[in-house]
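As structure tokens, the structure follows; a few thoughts come after it.
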Amino acid sequence: MSEIEFLNWVRGPGFQIAIIIFVAGVIIRFAEILLLGRKPNLAEAKGSEMSSGLRTIITRSIPDKGTFQRSMFTVVAGYIFHLGLFITIFLFAPHILMFKDIFGFGWPSLPTPVVDAMAIVTIIALFAVLIHRMRNTVLKFISTKEDYIVWLVTILPLITGYIAFHRIGMTAPTLLAIHILSVELLLIMFPFTKLMHTFTIVMSRWYGGAISGYRGVKS
Amino acid sequence: MSASLDKGINALKEQVDSSVAAFFSSCTHCGMCADACLFYTETGCPTATPITKVEPLRRIWKSEYTLLGRIGKMFGLNKKVDDELLTKWEKRVYDNCTLCGRCSMVCPVGNDIALMIRKTREGMAAAGHAPEGLIGATKRAVTIGSPMGVKLPALMAQINHVEKDTGLKVPLDVEGAEYMLLLSSMEIMNFPEFIEAIAKIFTKAGVSWTISTEAFEATNSGIQIGVSDIAAELVQRIVDAAEKLKVKTVISPECGHAYMAIRWDGPNLIGKPFNFKVRHILEILDEFRKDGRLKITGKEEQRLTYHDPCQISRRGGVIEQPRNLINMFSNNFVEMPDTGKMNWCCGAGGGVSTNERADKVRLKVFQRKKDQLDEIKPDAIVSACSNCRIHLEDGLEEYNMDIPLMSLTETLAEHLAD
Amino acid sequence: MTNNSNKEKTLGEVMRSRGVSRRSFLKFCAATASMMAMSPAMIPKIAHALESARRPSVIWLSFQECTGCTESLTRAHTATIESLIFDSISLDYHHTLQAASGHAAEEAREAAMNENWGKYILVVDGSIPTDNPGYSTIAGISNLDMFMQTAAGAAAIISVGTCAAYGGIPHADPNPTGAYSVYDVIKKFSNNQLDGISSATLAKAGEGSVVSKPIISVPGCPPIPVVITGVLTHFLTFGTIPELDHLGRPKAFYGQSIHDRCYRRPFYDKGLFAETFDDEGAKKGWCLYKLGCKGPTTYNACATTKWNDGTSFPIESGHPCLGCSEPDFWDGGGFYKALSMPTENITQTAIYTAAGAAAVGVALGAMNKSKKNNAVAAHNKTTIDDLEK
Amino acid sequence: MSDFSIVQFNIQIGDDLTHNVKPLLHEIKHGLDKLVETGQTSIIDLRSIPLAPGEEDKILSMLGQGEVQAQLNALGLSEVTETQYAGVWIVTHYNDENHIISRFIEVTTMPEILCSQTEDIMAAYSRLTVSLEDNV
């Protein structure tokens, strides 16, 4: 297989396979969760489930002062790499073209050097997160193989994307193909790992906020 | 004698619902819940990390309710829930957790971890992995009517004392009364001043109230041990009494989990809404304040702080009321560094105080409260939960601290204008 | 043959006999160095080597091709220099350019082969059909046979154009003629995967050990004319083949991507793109990435060598690079689809998948629900007697 | 002749499009320094450097026109001009059809191509000899 054939495969059938698994997986996971249902609360309500659930979806992004001080590394590093992932995935011009091709609409991009710098920051943050996970007693204790695999499939597209953009070591088609392949790996792993939190966070925050809000507690 | 692993596993299966499934799907193992849990911050022991306490429930969810888990189960690849696991987890779930719910407040993906631990206890108890102390208390609660073994004659004796001391009447079994007061065993045995305070306040306020001789115990061991069947039975006793006396409102006394049990879990345990209201005593007192029924005289000048009982504040939503009430009689109220919904647990709720095995650890984690108190150096602590109060006294003694503890209701009663 | 005597002369002698001055020769060498992307410091060395080089025989075979490569070469505007090089070689067979036809032409080829066995340069344009020899024959000889016979005695093979280098348009999906590139045909031969090859040819190919012949690929549709002559000149000058990349292309021309040398690269870096062919961005000469430019994955010298006597190259004229010098450029999902876009219709895939998955999800969700209901039904009431084992 | 770009785009970013103009002028400066110090000449092939439309013109106009301008006819026209900076020469080769085939900046006292070549001188000698013999 030549490198262009390889690139054409990952841009074509490979991407298709990944999308099928990703879309099917995410929908099945959602159905699995939502169709389990939840008993209505019979206690007299003190607040609205819906509004406090919706509020928590937003407010839980900001930790309270005490929590920020106690978990500062997790919060700061978490913010950096999540923001970095958002910028590198959604605000890089070539990526927007892909979304435009799929969704039929695009949005403005950030200048390439900004995205480039952000990719480096994100990679550094992710390595810091990994080291933290391996050295912190709690994280070491609670981490499973999945946590490390998910870390790897998350950082791979960043690293391969960075290398592909700067064309280090190999020719552009091969590097681009490797980058797309690493994204496909991420897409395939997505529905079956904790990566699902990207979507289910809306549900879990809503449920958490609703449970508190029903009792009149702003969470 | 019929507890079994199968029964435990079935109980865990029953506990999974869409919220639990969403919670497990969202957990990223970030570890922030550990920093929110005093059993971790004060012991440094990673096994106290809240989210790991729900491992038995997580395994059941994963292998029974997810596609990948179902496939794994077919090939026998899943991690199993067995007695070995449950034995290992017993201490984590019962001794090292007060269900205080602080973890639920900090979880960045919004997981109600305390709820999941409460659910995990259902499986643990059904599988015969509940601690001795809690089993004993639960048996007493069902057979005698109180986890501490307090019977009606003991209550009658205390009421007699109160009536003699104050010259006020404590109404028993009055049909059609507006309020029906519940009491915790601890109040009957350790703090009878509470009954006295209620008698004074309610008489002054001019409202009709009563205590049922058939259901006066507010605590619910079934909630703490994690057996909904028993919890429902205990709730049903109160519901029957309240319906019999046709009261409008049932009052939960100064006890955290009692409020949780009757106010929030009660209707769901018996499977139907109550036809009366349930209020915490602080909510009632705050209503009296608003209606101008509370006339206060004299202000305390000493530095007062308020210890939020977890189930009343964070898990119960009664946060402003105690502050409104304290400000009626205090000129020098000071908040702890983390307060209200973010307070730190005293370390003995959720059945930990009933579980002798956990005595050592509950005193160790009291260090957290000590640090908070050291920071603001109050002259006295006000609280609204007898269980917190007893443990705070224990803890202060253990750490050689001399700070008096006051019940909010009792202190308020002392400041009533004539 | 009339030019036999010429073959014994050195290039310098041939030129001088034609009245080409030393100064002209120096100019030619300077142009050659520039064209081959060599350092100007190499000019004296080129001059010296060309002085003493002898005219090699060149056999040019055209198979499944469009003659575009030959057109490109003969339309080269640096006419003086090109003709000089072609004067310096002995183009013994090229069925488009030669005067001879029919048997005479084929005889010329055989004669050149016999005279220069092991020394001539074989230039191939067009792909070679392997499915059925009847798809393309010359003088009754299948392309495959003619190629294998001629390749057997070549000093080196130059695959000119994308068809010869990668298979090109004939090779594009679904490849009805079983067309393959020069390199692939030789690889198939060495793996014994070739049918329809005559036993005589087989013997000859084996004898000349076709497998070990150096192959230089000069892809492009068409290739830049100076690249063709540049490779020939290099061979003439140094008697060796130039340094090649992993696809067998001379690094001097194919060492950097179009994107790397594109003057519009700063717009890419700044995120300024033409969105359509007639918008403001297009008028301002912004980057054509979004219009499907294959510059980033295409290795060629267009951006510096340019076309039509250095007038411009496609991007300079406002059109994205098609990637014609890369393998399978016809099957790359469309000329106007940006590189980061999937080549298949992902939207449709996603919609169909979502529909299917929704059904599966509802089924699995129902299974979950019934499993839970069963657990609730199997609930055995716990009393205080059931708290211990 | 310098305007070889048929399609003129309205390039907004101007001079610094490829960032190659300034470094190139600096290279010429270093070349002059080297020429004075060691007598070493240097040649820059303008076609080996990616330049945006207009950038080559920019370089040429920066260097300007000096005292010497020469034209030679060797396989088509060639132009040799000294720029306003002595020692910096522009050598442009054209083909028969007057299209530029290569362009160099030479930093030297005299571009090699202007000098009469030994081989040509030898040929000239024999030609003149023959011519004299024929005429005598």
- Query: Stretch B:E301-B:A417 to full length: gain in nm at 0.36 nm per residue minus the Cα-Cα span?
  - Reply: 40.0 nm
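For chain B, what does the relative contact order come out to in percent, with C-alpha contacts under 8 Å and a separation of six or more?
After rounding, I find 17 percent.
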- Message: Restricting to DSSP H runs of at least four residues, report the calculated mean residue ellipticity at 222 nm for chain A, -39500 (n - 2.57) per run over all residues, nearest 500 deg cm²/dmol.
- Response: -25000 deg cm²/dmol
- Query: Where both residues lie in chain B, what percent of DSSP beta bridges are antiparallel, nearest 5?
  - Reply: 5 percent
- With chain B treated as a Gaussian network of Cα nodes joined by springs under 10 Å, which of B:E196, B:E254, B:E397 yields the largest mean-square fluctuation? B:E397
- Message: Amide H of C:I216 versus every other amide H placed in the peptide plane: which residues, excluding those fewer than 5 positions away on the same chain, fall under 5 Å?
- Response: C:I157, C:I158, C:S159
- Message: Students often get this wrong, so check it: of B:K79/B:K341; B:K295/B:K369; B:K204/B:K299; A:K46/B:K295; A:K46/B:K272; B:K88/B:K369, which have C-alpha atoms separated by over 25 Å?
- Response: B:K79/B:K341; B:K295/B:K369; A:K46/B:K295; B:K88/B:K369
- Task: Specify whether the C-alpha gyration tensor of the range B:135-290 places it in the rounded, prolate or oblate class, a ≥ b ≥ c being the square roots of the eigenvalues: rounded for a/c under 1.5, otherwise prolate if a/b is larger than b/c and oblate if not.
- Result: oblate
- Identify unpaired cysteines across chain C, taking unpaired to mean no other cysteine Cβ lies under 4.7 Å from the residue's Cβ. C:C29, C:C66, C:C69, C:C163, C:C262, C:C287, C:C293, C:C302, C:C321
- Helix C:143-152 sits off the longest principal axis of the Cα atoms of chain C, rounded to the nearest 10 on a 0 to 90 degree scale, by 60 degrees
- Message: Could you check the spin-label model distance between B:T213 and A:L83? Points 7 Å from the Cα along Cα→Cβ, value in nm.
- Response: 6.9 nm
- Largest fluctuation, B:S407, B:S228, B:S208 only, Gaussian network model of chain B with Cα springs under 10 angstrom, belongs to B:S208
- Compute the separation of the alpha-carbon centres of the range D:24-60 and the range B:1-79 and state it in Å as a whole number. 71 Å
- Message: Rounded, prolate or oblate, given the Cα gyration tensor of chain D, with a/c below 1.5 counting as rounded?
- Response: oblate
- Nearest 100 Å², what total accessible surface is buried between chain D and chain C (probe 1.4 Å)? 3400 Å²
- accessible surface per residue for the range C:256-331, probe 1.4 Å, DNA/RNA/ligands not counted, whole Å² -> 31 Å²
- Whole-number percent relative contact order across the range C:161-259, with pairs defined as alpha carbons under 8 Å at least 6 apart: 25 percent
- Task: Just subtract the alpha-carbon distance of B:F333 and B:L77 from 0.36 nm times their residue separation and send over the number in nm, one decimal.
- Result: 86.4 nm
- Task: Label the protein assembly as shown by shape, choosing from rounded, prolate and oblate, from the square roots a ≥ b ≥ c of the eigenvalues of the Cα gyration tensor; if a/c is under 1.5 it is rounded, and otherwise prolate applies when a/b is larger than b/c, oblate when it is not.
- Result: prolate
- Note on the structure: With a Förster distance of 51 angstrom and the Cβ-Cβ distance between A:M170 and D:K34, calculated FRET efficiency to the nearest 0.05 equals 0.85
- Message: Can you compute the FRET efficiency between A:W107 and A:F141 using 1/(1 + (r/R0)^6), with r the Cβ-Cβ distance and R0 = 30 Å? Round to the nearest 0.05.
- Response: 0.10
- Message: Positive end of the dipole of the protein assembly as shown, charges at C-beta (+1 Lys, Arg; -1 Asp, Glu), about the Cα centre: which of C:A359, D:N135, C:L236 has its Cα farthest in that direction?
- Response: C:A359
- Message: Straight-line reach only, C-alpha to C-alpha below 29 angstrom: list the lysines that D:K22 could link to, leaving out same-chain residues fewer than 8 apart.
- Response: C:K27, C:K251, C:K270, C:K283, C:K284, C:K306, D:K34, D:K58
- Could you rank the peptides B:88-95, B:346-353 by their average count of other C-beta atoms within 10 Å per residue, with the highest value first? B:346-353, B:88-95
- Item | Two-site label geometry, C:T74 and C:S101: point separation in nm, points 7 Å out along Cα→Cβ | 1.4 nm
- R0 of 45 Å, Cβ-Cβ distance B:K151-A:F99: FRET efficiency to nearest 0.05: 0.05
- Using a Gaussian network model of chain B with C-alpha springs under 10 Å, which one of B:P171, B:P147, B:P322 is most mobile by mean-square fluctuation? B:P171
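Taking only Cα atoms of the range C:346-386, what ratio of Rg to Rh do you get with Rh as the Kirkwood inverse-distance radius?
Rounded to two decimals, Rg over Rh is 1.44.
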- Message: Quick check: Cα centre of the range B:361-411 to Cα centre of the range D:71-123, how many Å?
- Response: 98 Å
- the range B:144-203-the range C:252-315 distance, computed between alpha-carbon centres (Å): 89 Å
- Task: Evaluate the distance, in nm, between pseudo-label points positioned 7 Å from the Cα of D:M110 and of C:K187 along their respective Cα→Cβ axes.
- Result: 5.7 nm
- Item | chain C: projected area of the alpha-carbon convex hull, averaged over directions, in nm² | 32.8 nm²
- Query: How far is helix A:145-166 tilted off the main Cα axis of chain A, in degrees rounded to 10, range 0 to 90?
  - Reply: 40 degrees
- In range of the label at C:E110: residues from the range C:148-167 whose backbone nitrogen is under 15 Å from the point 7 Å along Cα→Cβ: C:149-150
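Given an 8 Å cut-off on Cα distances and at least 6 residues of separation, report the relative contact order of the range A:20-149 as a percent.
The normalised contact order for the range A:20-149 reaches 20 percent.
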- Would you mind checking the tilt of helix C:346-377 against the longest principal axis of the Cα atoms of chain C, expressed as 0 to 90 degrees and rounded to 10? 30 degrees
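Tell me which trypsin sites (Lys or Arg not before Pro) from the range A:55-105 have a DSSP coil assignment and no more than 14 other beta carbons within 10 Å of their own.
none
The values are calculated or read from the model by the stated rules, or taken from the named source; none is laboratory data. As the structure is a prediction and not an experimental result, all values here were calculated from the model. Neighbour counts run over all protein chains shown; Cβ positions are idealised from the backbone, glycine included. Just so you know, the surface numbers come from the protein's heavy atoms only, side chains and all, with ligands and any DNA or RNA stripped out. Shrake-Rupley method; radii C 1.70, N 1.55, O 1.52, S 1.80 Å.
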